[in-house]
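Student: So that we are looking at the same thing, I have put the structure below in structure tokens.
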Amino acid sequence: MTGAGKASVLIVGARSDIARAIAAQFAARGHPLMLAARGTDSLAREASDMSIRYGVPVTTHELDVTDLAAQAAFLDSLDPLPVCMVCAVGTLGNQDRDAKDPQAIRAIAEANFVGPTTLIEAMATRMAAAGDARAIIGIGSVAGDRGRAKNYIYGAAKAGFAAYLSGLRQKHVNTGVHVMTVKPGFVRTAMTDGMDLPGALTSSPQDFAKGVMRAYDRRATVYYDLRWRVLMTVIRALPERIFMRTKF
């Protein structure tokens, strides 16, 4: 989709490391950026740096995706309508603690599924009405491919998000709105800080973002890092009685 021109790109959840790396990739191609997140004061320096570095306009927009009532007004305020929306909203939580707290489970579901899907649904409707080629990129997780004891609450929300994007992709197959699901494995980010990550399966945000852009250019439907595509193909193929005894 490199021929789409220098239209604006909306990055939702723009404070995340993966989101910022993808934003930098779009800015390097000359796309103006709209950075949306909670606490946009913390994005001011990042926005200024990207604008100077890449010579593109960069604006910041306050948005709490879990505030469903505020979503329509947020989308209506965007001018122009972006050519691409990247939704990188989510929170990992703490499995052991969250499993004991119904409100924490609800918060995980709202941040990783409810808020992102309602926002994307409304954006897709607006993009389809525009009548030209546009794209939505949803950042999910390999955690949604199979429930694991270590993160099944987070994984369940991401599984639902992936199923939603698959359905949305089918819905809009003839509208000009391309929907791409991105499933990161281990990426060195603030979310994974302190975790003992296996080097052979871990990417930097910058390298991962380059892979996302290559997938975007070829209009891929689902993108994994190649290492994780191979690994998760094996994991998904394991019979349940075998899988539940693994330590993965």
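The values are calculated or read from the model by the stated rules, or taken from the named source; none is laboratory data. No experiment lies behind these values; they were computed from the predicted model shown. Neighbour counts are summed over all protein chains in view; Cβ atoms, including those assigned to glycine, are modelled from backbone coordinates with ideal geometry.
Student: Those residues that are at pLDDT below 95 and either surrounded by fewer than 15 Cβ atoms within 10 Å (Cβ to Cβ) or of a type in the set (Lys, Arg) (or both), I need them from the range 211-235; list them, please.
Tutor: LEU226, ARG227, ARG229, VAL230, THR233, VAL234
Student: So, in the range 8-22, of the ones that are of a type outside the set (Lys, Arg) and assigned to a loop (DSSP other than H, G, I, E, B), which residue ends up surrounded by the most Cβ atoms within 10 Å (Cβ to Cβ)?
Tutor: Looking only at the range 8-22, we keep the residues that are of a type outside the set (Lys, Arg), and these are 8-14, 16-19, 21-22.
So of that shortlist, the ones also assigned to a loop (DSSP other than H, G, I, E, B) come out as 8, 13-14, 16.
Details: SER8: 21, GLY13: 24, ALA14: 28, SER16: 23.
Step by step, filter the range 8-22, then rank; the result is ALA14.
Student: Of the numbered conditions (1) out of contact with any Cys (no Cβ under 8 Å at 6 or more places or on another chain); (2) assigned to a helix (DSSP H, G or I), THR66 satisfies every one except a single condition; which is it?
Tutor: (2)
Student: Next question, about the same structure. Consider the range 82-103. How many of its residues are out of contact with any strand residue (DSSP E or B) (no Cβ under 8 Å at 6 or more places or on another chain) and either in a loop (DSSP other than H, G, I, E, B) or touching a residue at least 40 places away in the same chain (Cβ under 8 Å) (or both)?
Tutor: The first filter runs over the range 82-103 and keeps only residues out of contact with any strand residue (DSSP E or B) (no Cβ under 8 Å at 6 or more places or on another chain), leaving 91-103.
When the remaining residues are screened for being either in a loop (DSSP other than H, G, I, E, B) or touching a residue at least 40 places away in the same chain (Cβ under 8 Å) (or both), the result is 91-95, 98-101.
Final tally of qualifying residues: 9.
Student: Please work out if ALA27 is of a type in the set (A, V, I, L, M, F, W, C) and either at positive phi or free of Cβ contacts under 8 Å to residues at least 12 places away in the same chain (or both). Full working, then the answer.
Tutor: Working: of a type in the set (A, V, I, L, M, F, W, C): yes; either at positive phi or free of Cβ contacts under 8 Å to residues at least 12 places away in the same chain (or both): no.
So ALA27 does not fit the description; no.
Student: Something else now. Return the residue satisfying two criteria in turn: it lies in the range 23-60 and is out of contact with any Gly (no Cβ under 7 Å at 6 or more places or on another chain) and in a strand (DSSP E or B), and of such residues it is surrounded by the fewest Cβ atoms within 10 Å (Cβ to Cβ).
Tutor: Per the criteria, the residue is THR59.
Student: Moving on. Considering only residues that are surrounded by fewer than 20 Cβ atoms within 10 Å (Cβ to Cβ) and closer than 24 Å to ASP217 by Cβ, which ones fall in the range 113-141?
Tutor: ARG126, ALA128, ALA130, GLY131, ASP132, ALA133
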